[in-house]
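The values are calculated or read from the model by the stated rules, or taken from the named source; none is laboratory data. All values reported here derive from a predicted model rather than from experimental measurement. All Cβ positions, glycine included, derive from the backbone under ideal geometry; neighbour counts span all protein chains shown. Just the protein is used for accessible areas: all its heavy atoms, side chains included, with ligands, DNA and RNA removed. Shrake-Rupley method; radii C 1.70, N 1.55, O 1.52, S 1.80 Å.
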Amino acid sequence: MSDHKELYDKVFGLLEQHDDWMHKTINLIASENISSPAVRSAIVSDFRERYAEGWPGERVYAGCKYIDEVEFICMDLAKKLFRAEFADVRPVSGVVANLIMYTAFMKPTERMMALSIAHGGHISHARGTLGGTAGAVRGHKVQNYVFDEEAFNIDVDASIKRIRSLFNDGKEVKFLLFGGSVFLFPHPVKEFREVADEYGMHIGYDSAHVSGLIAANKFQDPLREGAEVMTASTHKTMPGPQHGIVLSKEEYADAIKRAAFPGLLSNHHLHNVAGLAVTLAEMIEFGDAYISQILKNAPALGQALHERGWHVIAEDKGFTRSHQILVDVSETPLKDGCRVEEELEKANIIINRNLLPWDKKRGRDYLAPGGIRLGVSEMTRLGMKESEMDAIAEFMTRVVMKGESVEKVAADVADFRKDYQQVHYAYDTETPAYKHLRFL
Ligand code: DSN
């Protein structure tokens, strides 16, 4: 057999091993989810081979008549679900959606405010010295909000003071960005609208993590609280394909459309637009029940860990109002988020390590941070409820607190997972959630 054929076969072998492993794991990565069988069918359609540059109905390519119709349906569903005047469903990811937002609302190098990464900001919001997209790609100068570590949220008064002081020093701020990757509580958007108007700043909101919660109207409503634009990736609490979206008001539509094409996109992954349309339709139908259960499961997991001696952040505030919880693992026997991540993975529990706001002051960095971030979107989608969160906390405790054999816990996790093999909150709840749909 040729080397190429061996590698070809190996790729399929690895795909099957991965899918088989996913059947057996408890996946608590807060930025992931499992899409429905309908979404998986849509994204393997022939749309994956095609181009459709431009706006539907005004394409630079031929052969788009069905593609255009799907894209219009996707935009209409997005506008309905997010109660938005305008939707652009072309961004191929959340980072590209953010770049479109920056391009539409700021000139290169203009100054913006965002959360620092240690406080939950995303790398696409960060300054150039960190390699962050806003700074490194667009040259934006990025100032950070003041963060209240007790409230685990932006300190409104201190941040407004910082904005005023920047203007007093001749350092104009053009854009206030909210949202992030560690996102336990709604951000104070409306509290900044007055100062934004006073200084002529625009407000944007990156809803990548919480877009499903916002769609279900169960977190906050940025476009009515003062944001002019909201971006998202579509595969976190919104259980869609890996794609992006920009939502805004009609008055900004032209600037956003132009930033998307010809600015940042040529092709826009049409199969994922179809998958997103299906996701949005399913969210309109099932989103309320799905998100309600997520919002019960996340604090239930926080409580179950807390009762077993874990230091879950924001206990006094009920741990969370989103799909995530954040846990300080620095006092556990494993001492840092990296070791906890590694040991849990051996036990079929997939989580990610995370910086805590105070980690840098304590000499920690991303390689060995003090925290872990857990999200319940995927396990909720498989039908798990509060009692299953308790079982998950117990598995984690056996590995991290009691030092039990990871092989033993891995086997118990695989056994526990046998009962949760279909996606719920979808039209098709029969097709196995992780089955590899192979054609050859
Ligand atoms: N890196 C992802 C997260 O984990 O939040 C978002 O892109």
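Measuring how big the chain is from its alpha-carbon positions, Rg and Dmax come out at 22.0, 72 Å. Summing Lys and Arg as +1 and Asp and Glu as -1 over all other residues whose Cβ lies under 14 Å from the Cβ of K317 gives a net charge of -4. In the neighborhood of D68, defined by Cβ-to-Cβ distances under 14 Å, what is the net charge if each Lys or Arg adds +1 and each Asp or Glu adds -1? Net of charged neighbours comes to -1.
With K and R counted +1 and D and E -1, the other residues having a Cβ less than 14 Å from that of H269 yield a net charge of -2.
Averaging 1/r over every pair of different alpha carbons in the range 303-440 and inverting the result gives a Kirkwood radius of 16.1 Å. Working from Cα pairs under 8 Å separated by at least six residues, relative contact order for the range 205-356 is 17 percent. The alpha carbon centroids of the range 42-103 and the range 121-148 are separated by 27 Å. Normalised radius of gyration (Cα atoms, divided by 2.2 N^0.38 Å) for the range 98-139: 1.04. Round to a whole angstrom and tell me the spacing of the C-alpha centers of the range 338-409 and the range 288-333. Taking the Cα centre of the range 288-333 as reference, the centre of the range 338-409 is 12 Å away. Secondary structure note: in the chain, about 55% of the DSSP beta bridges are antiparallel. Net charge dipole, the chain: roughly 820 debye, given to the nearest 20, about the Cα centre with Cβ charges of +1 for Lys and Arg and -1 for Asp and Glu.
For the chain, the relative contact order works out to 23 percent when only alpha carbon pairs closer than 8 Å and six or more residues apart are counted. Rolling a 1.4 Å probe over the protein heavy atoms gives the chain an accessible area of 41 Å² per residue.
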